[in-house]
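S.K.: Please see the structure below; I have some questions.
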Amino acid sequence: MDERTLNNEKDMLQGNIARLSISKDLDELERMRYWAHRRIDMIADTRIQQVRNGCEE
């Protein structure tokens, strides 16, 4: 994942967290939890790959 995409995913994760903090809609809460988990996994996978490749970005 390139730096721009990574930053976008981080921004979207912050949005998911914000919605989780204020929503009272159970369907939306489930969707935001799902997407937050996916984004955390993508961000972590990217960082793990960078460390394995010796990249300190």
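Computed from the coordinates by the stated procedures, all read-outs in this text should not be read as laboratory data. The shown structure was predicted, so the numbers you read here are calculated from the model rather than taken from an experiment. Here the Cβ positions follow ideal geometry from the backbone for every residue, glycine too, while neighbour counts run over all protein chains shown.
S.K.: Residues with beta-carbon under 15 Å from that of Gln14, excluding Gln14: net charge, scoring Lys, Arg +1 and Asp, Glu -1?
M.R.: +3
S.K.: Under the Kirkwood approximation applied to all pairs of distinct alpha-carbon atoms, what is the hydrodynamic radius of the chain in Å?
M.R.: 12.2 Å
S.K.: Determine the sum of side-chain charges near Met42: Lys and Arg each +1, Asp and Glu each -1, restricted to other residues whose C-beta is under 11 angstrom from that of Met42.
M.R.: Value of the local net charge: +1.
S.K.: For Cα pairs less than 8 Å apart in space and 6+ apart in sequence, what is the mean separation divided by the residue count of segment 7-57, i.e. the relative contact order in percent?
M.R.: Relative contact order here is 36 percent.
S.K.: Go ahead and estimate [θ] at 222 nm for the chain from helices alone: -39,500 (n - 2.57) per DSSP H run with n ≥ 4, summed, over the residue count, rounded to 500.
M.R.: -29000 deg cm²/dmol
S.K.: Could you compute the FRET efficiency for Asp25 and Asp45, with r as their C-beta to C-beta distance and R0 at 25 Å, rounded to 0.05?
M.R.: Efficiency computed from Cβ-Cβ geometry: 0.30.
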